[in-house]
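A.B. asks: To start, I am sharing the structure in question, which I have written as structure tokens.
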Amino acid sequence: MPPSLAPAWKEHDEFARRLPASVLATLGGAFTPRALALRAAHETLSKFPKDHTPVLLDPACGLGSLLLGAIEWASVQRPTWLQGWLAQGRLQGWEVSREIGEGCKRVITAAGKCLGGEARPKVLTTDALMSDEREIADAILMFPPWVEFTAQSGNVLPPDKRAWFARKFGSFASFPGLHGAFTELSGRLVKRSGRVGALLPYKVADRPEYAGFRRALANLLAPEQILTQSDLPGVSEPAALFIFTAGKGDVSGEPWQARADEQEQVYQSSILRHGPLPAGTFQDIGVNFGNSAHLLITDKGEPGAQPLRDSNDVIPFGIRKPQLFLRGKVPKITGFYAKIASPVVFKRVKIVMRRDGGRPAAARHNPPAFFRDDLIGCFGAQGYDDDYLLGIFNSEYFARLYRDSFKEGRLRAEGRITVEQLSVLPVPSPRAAGKMYEAIIQISRELQKVVGKNAKLMATLDEAVKKAYRGK
């Protein structure tokens, strides 16, 4: 068993907490969580041969969470790479802030100590967008700042610098945003046989205003996978992990996912082959506090108070201990109202699903508790194993069906998932899923043990769910 990198992650998290808000703003206000860093590493790096250590670059490295995730992934999957990365400079980071870059060096140095060796991290203090280097990395991982210079924020960038960016980056000329410029830059920096993993707003894949961004990338990168993310701290809008391969893509500017769906007929074939779950599987039973929230909710365990969950307590395959409580005794005051179902109803719920977000996220409702109306209750379905349903709901394939089905709807545009939407999405029956039915159950149970934090298992789940839907 490889050594734990927990001390390095602790170093990362402690440094992040000490950063002033003004410095944190240069990063876009968010860091990549460990589970997502591992997923990005797996999806981007797993196709490189084991006997060749790739040059890995993060041109917006921040405190190095993506680089640390790559090191941890490689310690299990590609241990022969570690010497080249940690001691020979084949793992590199660029950061515009000297203070944050020094933090990245400390994190990578801590990772080297965890692995029983000395790390000499190659972290440069530089503005990556000023670089004119070409094809210097085999692989790129990045979570660039999500900054758009539109409307009021458009005045933040001086006109001469705005014009310079527009001349250098076709993506910026069509829609001024730093994440677009960074993605285009990554296409220039990666070698022609290389791969790029980038955390970007999901909207770059299908929104009309990003057609120029997609065209600018077409001669550099082609999207291979678009994996939506439901739990990215500090980010309010739907996010996705984009996996690109170097090479010519679609020059039309058409939405990437829509074009892929047209070619593979993913959504159409799934609708024709499978039906939705039985009526009543999903229900809105969450506590609606009306105008009485201040009377009914407490953050202290008062006598008679009951645990109360909300959307912050649910992550894919995992559920946190509730931080709020529903008061047991409340004085009757005229003019205040709320709607609370019987405790028996909440105990019957098998799975809870988050209402907010760009994709479904589900967890076992165990132990049972009251929950707010920002969660949807799933009561299970006769003939379907609960762990099977949990695996389906948290898969990328199910998220893709959701996006395809409701991309034009008002509630979809607002990032709100409804009972009505979930009730019409197709789910393969045990018979239709064939041998994948038991496979999904077993993978789901393993992912629950690690709260979804296993990149390889998540990729295995996605493949199994895809086969279940396609009847293979």
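The values are calculated or read from the model by the stated rules, or taken from the named source; none is laboratory data. Note that the structure is predicted; figures quoted are calculated from it, not measured. We place every Cβ from the backbone using ideal geometry, glycine too, and count neighbours over all the protein chains shown.
A.B. asks: Looking at Leu308 and the list (1) under 14 Å from Leu375 (Cβ atoms); (2) not in a strand (DSSP E or B), which single condition is not satisfied?
C.D. replies: Failed condition: (2).
A.B. asks: Something else: Restricting region 442-472 to residues that are of a type in the set (Val, Ile, Thr) and either more than 24 Å from the chain's Cα centre (by Cα) or surrounded by fewer than 20 Cβ atoms within 10 Å (Cβ to Cβ) (or both), which is nearest to Gly286 (Cα to Cα)?
C.D. replies: Among those that are of a type in the set (Val, Ile, Thr) and either more than 24 Å from the chain's Cα centre (by Cα) or surrounded by fewer than 20 Cβ atoms within 10 Å (Cβ to Cβ) (or both), it is Val451.
A.B. asks: For region 44-53, which positions are in contact (Cβ under 8 Å) with a residue 60 or more places away in the chain and either buried (at least 24 other Cβ atoms within 10 Å of the Cβ) or β-branched (Val, Ile, Thr) (or both)?
C.D. replies: If the condition is that a residue be in contact (Cβ under 8 Å) with a residue 60 or more places away in the chain and either buried (at least 24 other Cβ atoms within 10 Å of the Cβ) or β-branched (Val, Ile, Thr) (or both), then Thr44 is the only one that fits.
A.B. asks: Out of the helices (runs of 4 or more DSSP H) lying entirely within region 102-191, which hold 3 or more residues that are surrounded by fewer than 18 Cβ atoms within 10 Å (Cβ to Cβ)?
C.D. replies: Passing ranges, in order: 159-168.
A.B. asks: Of the residues that make up region 336-349, is at least one among the β-branched types (Val, Ile, Thr), part of a loop (DSSP other than H, G, I, E, B) and under 19 Å from Asp387 (Cβ atoms)?
C.D. replies: yes
A.B. asks: Still on this structure, I have one more. Look at region 113-168 and say how many of its residues are of a type in the set (Val, Ile, Thr), out of contact with any Ser or Thr (no Cβ under 7 Å at 6 or more places or on another chain) and closer than 17 Å to His179 by Cβ.
C.D. replies: Within region 113-168, residues that are of a type in the set (Val, Ile, Thr), out of contact with any Ser or Thr (no Cβ under 7 Å at 6 or more places or on another chain) and closer than 17 Å to His179 by Cβ number 3.
A.B. asks: Here are Ile319, Ile315, Ile297: which of them is over 27 Å from Arg359 (Cα atoms) and either in contact with a strand residue (DSSP E or B) (Cβ under 9 Å, 6 or more places away or on another chain) or surrounded by fewer than 14 Cβ atoms within 10 Å (Cβ to Cβ) (or both)?
C.D. replies: Testing whether each residue is over 27 Å from Arg359 (Cα atoms) and either in contact with a strand residue (DSSP E or B) (Cβ under 9 Å, 6 or more places away or on another chain) or surrounded by fewer than 14 Cβ atoms within 10 Å (Cβ to Cβ) (or both) leaves just Ile297.
A.B. asks: Considering each of Ala111, Ala60, Ala6, Ala30 in turn, give the residue that is under 25 Å from Asp132 (Cβ atoms) and within 25 Å of the chain's Cα centre (by Cα).
C.D. replies: So the residue among Ala111, Ala60, Ala6, Ala30 that is under 25 Å from Asp132 (Cβ atoms) and within 25 Å of the chain's Cα centre (by Cα) is Ala60.
A.B. asks: Restricting region 252-291 to residues that are among the small types (Gly, Ala, Ser) and surrounded by 18 or more Cβ atoms within 10 Å (Cβ to Cβ), which is modelled with the highest pLDDT?
C.D. replies: It comes out as Gly286.
A.B. asks: Right, something else. Quick check, is Ile351 under 16 Å from Gln421 (Cα atoms), under 24 Å from the mean Cα position of the chain (by Cα) and aliphatic (A, V, I, L, M)?
C.D. replies: no
A.B. asks: Continuing with this model, one more query. Is at least one residue of region 305-312 touching a helix residue (DSSP H, G or I) at 6+ places or on another chain (Cβ under 8 Å) and either surrounded by fewer than 18 Cβ atoms within 10 Å (Cβ to Cβ) or at pLDDT below 90 (or both)?
C.D. replies: The answer is yes, given that some residue of region 305-312 is touching a helix residue (DSSP H, G or I) at 6+ places or on another chain (Cβ under 8 Å) and either surrounded by fewer than 18 Cβ atoms within 10 Å (Cβ to Cβ) or at pLDDT below 90 (or both).
A.B. asks: Moving on to the next point. Count, please, the residues in region 87-101 that happen to be part of a helix (DSSP H, G or I) and under 17 Å from Leu189 (Cβ atoms).
C.D. replies: Of the residues in that region, 0 qualify.
A.B. asks: Considering each of Gly177, Gly234 in turn, give the residue that is modelled with pLDDT under 90 and assigned by TED's automatic domain parsing to the domain that holds Ser46.
C.D. replies: On inspection, the qualifying residue turns out to be Gly234.
Here's the yes/no breakdown for (1) touching a Lys or Arg at 6+ places or on another chain (Cβ under 7 Å); (2) among the hydroxyl-bearing types (Ser, Thr, Tyr); (3) touching a residue at least 24 places away in the same chain (Cβ under 8 Å):
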residue: Val314; (1), (2), (3): yes, no, yes
residue: Leu326; (1), (2), (3): no, no, yes
residue: Lys329; (1), (2), (3): no, no, yes
residue: Lys332; (1), (2), (3): no, no, no
residue: Pro343; (1), (2), (3): no, no, yes
residue: Phe346; (1), (2), (3): no, no, yes
residue: Leu375; (1), (2), (3): yes, no, yes
residue: Gly383; (1), (2), (3): no, no, yes
residue: Ser395; (1), (2), (3): no, yes, yes
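A.B. asks: Another question, if that's okay. Pairs please, first residue from region 285-312 and on the phi > 0 side of the Ramachandran plot, second anywhere and assigned to a loop (DSSP other than H, G, I, E, B), Cβ atoms under 6 Å, 6+ apart in sequence or on different chains.
C.D. replies: Gly290/Tyr337; Gly290/Ala338; Gly304/Gly328; Gly304/Lys329
A.B. asks: Could I ask something else about it? Within region 37-54, is even one residue within 18 Å of Gly101 (Cα to Cα) and assigned to a loop (DSSP other than H, G, I, E, B)?
C.D. replies: Looking for residues that are within 18 Å of Gly101 (Cα to Cα) and assigned to a loop (DSSP other than H, G, I, E, B), one finds none in region 37-54, hence no.
A.B. asks: So which of Ala30, Ala35 ends up being more than 28 Å from Glu463 (Cα to Cα) and touching a residue at least 40 places away in the same chain (Cβ under 8 Å)?
C.D. replies: That would be Ala30, the only listed residue that is more than 28 Å from Glu463 (Cα to Cα) and touching a residue at least 40 places away in the same chain (Cβ under 8 Å).
A.B. asks: So which residues in region 365-380 are surrounded by fewer than 20 Cβ atoms within 10 Å (Cβ to Cβ) and closer than 23 Å to Glu438 by Cβ, if there are any at all?
C.D. replies: Listed by number, the residues that qualify are Asn366, Phe379, Gly380.
A.B. asks: Which ranges mark the helices (runs of 4 or more DSSP H) fully within region 354-472 that have 2 or more residues being modelled with pLDDT of 90 or more and in contact with a strand residue (DSSP E or B) (Cβ under 6 Å, 6 or more places away or on another chain)?
C.D. replies: Fully inside region 354-472 and qualifying: 386-393, 419-424.
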